[in-house]
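Here is the structure we will look at, set down as structure tokens.
Values in this text are rule-based calculations from the coordinates and carry no lab data. Computed from a predicted model, the values in this text were never measured in an experiment. A quick note on method: Cβ atoms are made from the backbone with ideal geometry, for glycine too, and the neighbour counts reach across all protein chains shown.
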Amino acid sequence: MDLSDRETVCHVERKESVLTTNMMNLAAFVHSLRCSLLHIESRLLQASGLTLDKQLAPSLAVNGPRLLPQVDREDGQEEQSPGLTDGILWMAVPKKRRTIEINRTRRRDENNLLKVKNNIEPCTECGHLKQKHIMCGFCYAKVCKETALIRQQITAMEGGPLRAPAVETVVVYEGETPSELDKDKRIVERARKRPAWFS
Amino acid sequence: MRLTLPALISHGRVARRIGLGPQSRINMLRNILTGLVRHERIETTAARADEVRFYAEKLVDYAKRGDTDEKAMKMATFWLTEKDLVPKLFKVLAPRFETQSTGYTRTARLPNRQNLDRAQMAVIEYKGHPFPPLYPVKQDNELTLVNQLLKGYRQQQQEESSTRPS
């Protein structure tokens, strides 16, 4: 009988799996779980008396999906993930340990070493170091600060965004009066002495 | 054969790629140029400053035509996104550079930005701006020994030349 055969096979497999669960891989474990589940279900059905026996004929047969999951019996264990195991075989892998001599020659090769810069010189104004073709950072920061303060004054004078006047601007420091040429220009007053580096 | 080599070689093309594409590049340069016209000195990445330089000078050339010129006004309204700068361009920048034919802008490289990207920075400015100069103008000090001696020598020469005819 199908049911009894299945039962016995499941029973045998269950015994095997119970003994060797720790050593088997995940697939075998799942397989064994499935088997045990089926076994329990069949036992329950027998106990409840709802199984399809030769004595009791079904009152109504309906074409529908399977109620119990069917276990596919394979000969061998199917591969966990065929891609991964195949992949491991064709991946690039070093054949031998790189010796320290080879490592040294690669690490100390001229192209990989840091280049020494010979275009660094001190700024003539402030003495900070700068590169020959690049402005001195300190001097630029000094100019930036003063420009920012002048711009603050300008925004205060304009009173809002997008109000740039169509006239030139001139910055006047304390104790100075705008000259003849600056008659038509917008005068921005700064409340400090004129710095030495701003002619 | 290295497959990435063509991606690094430009094969003779000199145009710089900025932003997401040609349209994005023009929009970015437009914004930078508007900022430059407003503030007259701005600090950006070196590549953008170099690109904007060409457009800044061309814009001044168009502005020199005068604001009655149709093409000049169209260019100004396209390139300046903030419309209060259009009169500034025609009435301030164009007369400022009347006598000059080229070279209205000055660029200088700055130390790399201090962010994680360490981008190469540059400052670009219109000449004749009211702000402090980037490179301070060196003024000779008359009170140094050599200058005083030279001054005395010049005075002596003048006195000799004035007394000789008489």
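Assorted remarks:
- Chain B: angle of helix B:145-163 to the longest principal axis, Cα-based, in degrees nearest 10: 50
- Degrees between helix B:70-79 axis and first principal axis of chain B (Cα, 0 to 90, nearest 10): 80
- Sorted by Cβ density within 10 Å, fewest first, the residues B:PHE54, A:PHE198: B:PHE54, A:PHE198
- Sum of -39500 (n - 2.57) over DSSP H runs of 4+, divided by residues of chain B (222 nm, nearest 500): -14000 deg cm²/dmol
- Residue exposure proxy: B:TYR62, B:TYR153, B:TYR135, ordered by other Cβ atoms within 10 angstrom of their Cβ from fewest to most, comes out as B:TYR153, B:TYR135, B:TYR62.
- Cross-link pairs beyond the 25 Å C-alpha cut-off, checked among A:LYS132/B:LYS138; B:LYS88/B:LYS127; A:LYS115/B:LYS138; A:LYS132/B:LYS64: A:LYS115/B:LYS138; A:LYS132/B:LYS64
- Convex hull volume of the stretch B:15-131 per residue (C-alpha atoms, cubic angstrom): 115
- Least to most buried among A:CYS35, A:CYS126 (fewest other Cβ within 10 Å first): A:CYS126, A:CYS35
- Separation of the stretch B:108-166 and the stretch A:105-176, taken as the distance between their Cα centroids, equals 19 angstrom.
- Net +/- balance of residues flanking A:THR177 in space, Cβ distance below 12 Å, scoring K and R +1, D and E -1: -4
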